[in-house]
Amino acid sequence: MQNRAIFNEFKEHSYTFVLYENFELPLKLGDHDVRVDVRACAVSCDASRQAFTELFLKKPKVLLTASSSFAGVVNEIGSAVTRVKVGNRVAGILPLDADSSACSDQCIVSEFNLVVIKEEIDFESVAACVGDGVKAYTALHHLARLEAGETVLILDAATGFGSLTVQLALAWAAKVIAVVNNGQERSYLEKLEPPPNYIIEVDSKSATLVGSVMEETGKLGVNIIIDNGVRQSFSEDDKRISHVLPTKYDIISCLAVGGRWVTSQYDLQAPTAEDSPASSEKRV
């Protein structure tokens, strides 16, 4: 069977999308492996490709999956597989070091990275949200250790990841403060069932995040912050940008005593020009 697949291929110190018209998969499966006929997938964004480059910098992996989230039908199972059966409708996530791509006709994945989905849910919807869903659960449960009654600040709450994080936090009986960038995003969140407890609308012309959070929490701050990226510092150029990320100072200023901050900024601790030894010597 012809198996078309799209990979991120390492070329000239970076990854680029490459289509393989007939990518061969192993004929024999491992004990816990599952062969899936892919019906829908979510293509990884440029930020993920940058993370791939950093992750495999010392020893580049030539081919990386162009998509990690997918949905499809089980075609074949290994001898020890017990969680799924042939013909099951499933959704899953491929690890970064997988030898196959989810953006293909078929992929091979461990049974422990799959979940069975209901007949009434379409493949496209599942593939679009399973990655963000796992990301949201990981942020709230494993990293932030969310408990009922705590206050959670969620930035970029109208994105796919943000809206799923809002719904999960509300299901955890937490108080949710959602941050949006415009009225359209506010309207979207207000239509959720249930909606966030409080919505903050910020834009590039007004720095109201810290003030709004302090007002809503009685100047105590929030227990948990889930961001969608941050800036190292404020720049005059930010005034001309429609969507401005908060600074690290803004985030820290919103935290309560003992608060937890979970970030999506993979290079948050990268040294800046101001932190370089040369800069330090100039200041002295």
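Read-outs throughout are calculated quantities, based only on the coordinates presented, and are distinct from any laboratory measurement. Not measured: the values here are computed from a predicted model. Don't worry about glycine lacking a Cβ; one is built from the backbone with ideal geometry, like all the others, and counts go over all protein chains shown.
Amide H to amide H, which residues 5 or more places from TRP261 or on other chains are under 5 Å from it, using H placed in the peptide plane? Result for TRP261 returns ILE225.
Among 94-103, 109-118, sorting by the average number of other beta carbon atoms lying within 10 angstrom of each residue, highest first, gives 94-103, 109-118. Label-to-label distance, TYR249 versus GLU24, with points set 7 angstrom from Cα along the beta-carbon direction: 6.0 nm. Simple spin-label estimate for ASP31 and ALA80 gives 0.2 nm between the two label positions (7 Å along the Cα-to-Cβ direction from each Cα). Taking a sphere under 13 Å around the Cβ of GLU124 and counting the other residues whose Cβ falls inside, with K and R at +1 and D and E at -1, yields a net charge of +1. When you count the other C-beta atoms within 10 angstrom of each residue and take the mean per peptide, 164-177, 17-30 line up highest first as 164-177, 17-30.
Around LEU155, with a cut-off of 10 angstrom between Cβ atoms, what is the net charge of the other residues, counting Lys and Arg +1 and Asp and Glu -1? Spelling it out: positives minus negatives among the neighbours equals -3. Filter the cross-link list LYS135/LYS248; LYS135/LYS191; LYS28/LYS135; LYS135/LYS219; LYS191/LYS248 down to pairs whose alpha-carbon distance in this structure exceeds 26 Å. From LYS135/LYS248; LYS135/LYS191; LYS28/LYS135; LYS135/LYS219; LYS191/LYS248, over 26 Å: LYS28/LYS135; LYS135/LYS219; LYS191/LYS248.
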